[in-house]
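The values are calculated or read from the model by the stated rules, or taken from the named source; none is laboratory data. What you are looking at is a predicted structure, and each value in this text was computed from that prediction instead of being measured. No Cβ is skipped: glycine too gets one built from the backbone with ideal geometry, and neighbour counts run over all protein chains shown. Areas reflect the complete protein model, heavy atoms only, side chains present, ligands, DNA and RNA absent. Shrake-Rupley method; radii C 1.70, N 1.55, O 1.52, S 1.80 Å.
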Amino acid sequence: MMHNGRAARRQTMRAISPQRSGALPLLVMCWAGAAAVMALWWQNTAVVYMNMAEWLLGGGRLTGLLGGYLIAIVVLLMARVPALERRVGSDRVARWHAVSGRYAVSLVIAHVVLTVWGYAVQANSPILEQTVNVVTTFPRMIEATIGTVLLLLVGFVSAGTVRRKVRYETWYYLHLLTYVAVYLTFWHQLATGAEFVGNATATTVWYVLYAAAGALLLWYRVLTPVRLNMRHRMRVDSTVYEAPGVVSVLITGRRLHRIGAQPGQFFRWRFLTDGLRWSSNPYSLSAPPRPDLLRITVKANGEHSEALARLEPGTRIWAEGPYGALTAGRRSQEKVLMIAGGAGITPMRALFETLPGEPGDLTLLYRASKTEDLALWSELRQIASARGARLLYAVNGPDGVRPEITPQRLRELLPDIDDHDVYVCGPTGLARQSYEALREAGVPARRIHHESFEM
């Protein structure tokens, strides 16, 4: 069904002017902060180290400082700051968080090894004996040791191979131990760090850094969701079968249009019923928001998504969002190509209805294994007919052969492909293949917009 597309197009009309990505300025700020941390270390370091123990301890101090700085960045990236999520993109922020976490854990390990080794060389004692001595006699070391162990545990369960074997809920709640680890290690940094002892300016800056990250985390991960859910009181209205393994969930609530969600964005949904209340999963809006109705469409690929088909009307919902940058704000050209596959059709369906454009400006290419898997197809046909847009699909042949998205095929489909913005959403393989073909077909990277919600 059509979901008030004209009103939604009027709302998105102002977003045709492309928004500049905040990725580069943010990266510059992060690297500038790292340079400032190194300058702080250099200021408190002798010009020339005289022996191996001093080299090891100096390296331990530097890796400890950089590790502490990166831990604050990791917390900031966990805060889900809307401006960051919308201007940079949720998937990119998630990747930055993962990479920063790995570097932070590596630096903390290096800090521990170099410091203990340096003290062992300095005292001419075995490393194991010196480890016990450091942990039991240095200030705040018991807390730091517990915090370090927790960081290593979180890093272990977040590693790719382990992460794929662990249930999402297990990983999620173990991941929350990061906050405990940060709290415990923070006080150790100030109590024993040579750069902070007697240096009120450095100590103040460190307090401000961690306080700012903590405040953003508290505001956007706790207080903002509480306000959203108290204000809008969302509940399940009904569920609708769309295709094999695909179900739509219609959601009612108060003044839902005031949430500020845009077509293409997603929320993290928690359905407060048995078996689902402890899980929070990201699902995109599959239709433009209405004052009294939101809709998500979910493809069953796990226990959580399969259970949504059994939701009872009236089930209470706890939502966080909206998140994501796959919106009209990315657009810079009049003509737009959308490539969707699998669950990626949900944000594309909302964009297909609402992106402003004249007849012929919009094209949607829908990739699926077979025609029965083309979820929301009747709605897409109605939208295409009403808007004069092109709707195409690519499904496997009778022999199971997958139709490839190639530069030649794209040029045949759209001879002016290099004058298009392209939105891509779907499985990783489809996104990668599409990106490579689009680049070879002449589409600039800055006009290929992609967001992945795979966990």
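Structure summary
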item: Every pair of residues 6+ apart whose Cβ atoms lie under 7 Å, when the first sits in the range 103-123 and is among the charged types (D, E, K, R) while the second is part of a helix (DSSP H, G or I); result: none
item: Residue, most open to solvent (accessible area, probe 1.4 Å), within the range 258-291, restricted to residues that are in a loop (DSSP other than H, G, I, E, B) and either touching a strand residue (DSSP E or B) at 6+ places or on another chain (Cβ under 6 Å) or among the aliphatic types (A, V, I, L, M) (or both); result: L272
item: Residue count, the range 148-170 (criterion: among the aromatic types (F, W, Y) and modelled with pLDDT of 85 or more); result: 1
item: Residue that is least open to solvent (accessible area, probe 1.4 Å) [pool: residues in the range 303-316 that are in a helix (DSSP H, G or I) and charged (D, E, K, R)]; result: E306
item: Test: residue in the range 382-392 that is of a type in the set (S, T, Y) and either in contact (Cβ under 8 Å) with a residue 12 or more places away in the chain or more than 30 Å from H304 (Cα to Cα) (or both); result: yes
item: Residues located in the range 435-455, provided they are in a helix (DSSP H, G or I), of a type in the set (S, T, Y) and in contact (Cβ under 8 Å) with a residue 60 or more places away in the chain; result: none
item: Residue in the range 259-266 that is within 26 Å of T327 (Cβ to Cβ), among the polar types (S, T, N, Q) and in contact with a helix residue (DSSP H, G or I) (Cβ under 8 Å, 6 or more places away or on another chain) present; result: yes
item: Among the residues listed as R254, R233, the single one being on the phi < 0 side of the Ramachandran plot and of a type in the set (K, R); result: R254
item: Odd one out for A300 among (1) in contact with a Gly (Cβ under 9 Å, 6 or more places away or on another chain); (2) buried (at least 19 other Cβ atoms within 10 Å of the Cβ); result: (2)
item: The range 178-206, residues that are among the β-branched types (V, I, T) and modelled with pLDDT of 85 or more; result: T178, V180, V182, T185, T201, T203, T204, V205
item: Subset of the range 189-221 (residues that are assigned to a loop (DSSP other than H, G, I, E, B) and either charged (D, E, K, R) or over 34 Å from the mean Cα position of the chain (by Cα) (or both)); result: A194, E195, V197, G198, N199
item: Qualifying residue in the range 50-68 (condition: closer than 30 Å to Q262 by Cβ, modelled with pLDDT of 90 or more and open to solvent by less than 40 Å² (accessible area, probe 1.4 Å)); result: no
item: Filter result for Y168 (closer than 29 Å to L276 by Cβ and under 26 Å from the mean Cα position of the chain (by Cα)); result: yes
item: So A79, is it outside any helix (DSSP H, G or I), at pLDDT 90 or above and either closer than 25 Å to T203 by Cα or open to solvent by 30 Å² or more (accessible area, probe 1.4 Å) (or both); result: yes
item: Per-region count, the range 180-211, residues under 14 Å from E143 (Cα atoms), surrounded by fewer than 16 Cβ atoms within 10 Å (Cβ to Cβ) and of a type in the set (S, T, Y); result: 1
item: Residue count, the range 397-436 (criterion: over 25 Å from A94 (Cα atoms) and of a type in the set (G, A, S)); result: 2
item: Cβ pairs under 9 Å, 6+ apart, first in the range 68-96 and under 12 Å from L209 (Cα atoms), second open to solvent by 10 Å² or more (accessible area, probe 1.4 Å) and not in a helix (DSSP H, G or I); result: G68/G193
item: The listed residue being open to solvent by 20 Å² or more (accessible area, probe 1.4 Å), in a loop (DSSP other than H, G, I, E, B) and out of contact with any Leu (no Cβ under 7 Å at 6 or more places or on another chain), out of S125, S106; result: S125
item: Residues being among the aliphatic types (A, V, I, L, M), surrounded by 13 or more Cβ atoms within 10 Å (Cβ to Cβ) and modelled with pLDDT of 95 or more - total across the range 223-257; result: 6
item: Count of residues meeting criterion [under 12 Å from M338 (Cβ atoms) and not polar (S, T, N, Q)] in the range 415-437; result: 7
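Conditions tested, residue by residue: (1) aromatic (F, W, Y); (2) within 15 Å of P225 (Cβ to Cβ); (3) touching a Lys or Arg at 6+ places or on another chain (Cβ under 7 Å).
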{"residue": "G253", "(1), (2), (3)": "no, yes, yes"}
{"residue": "G260", "(1), (2), (3)": "no, yes, no"}
{"residue": "P263", "(1), (2), (3)": "no, no, no"}
{"residue": "W269", "(1), (2), (3)": "yes, yes, no"}
{"residue": "R277", "(1), (2), (3)": "no, yes, yes"}
{"residue": "S280", "(1), (2), (3)": "no, yes, yes"}
{"residue": "L285", "(1), (2), (3)": "no, no, yes"}
{"residue": "P288", "(1), (2), (3)": "no, no, no"}
{"residue": "S305", "(1), (2), (3)": "no, no, yes"}
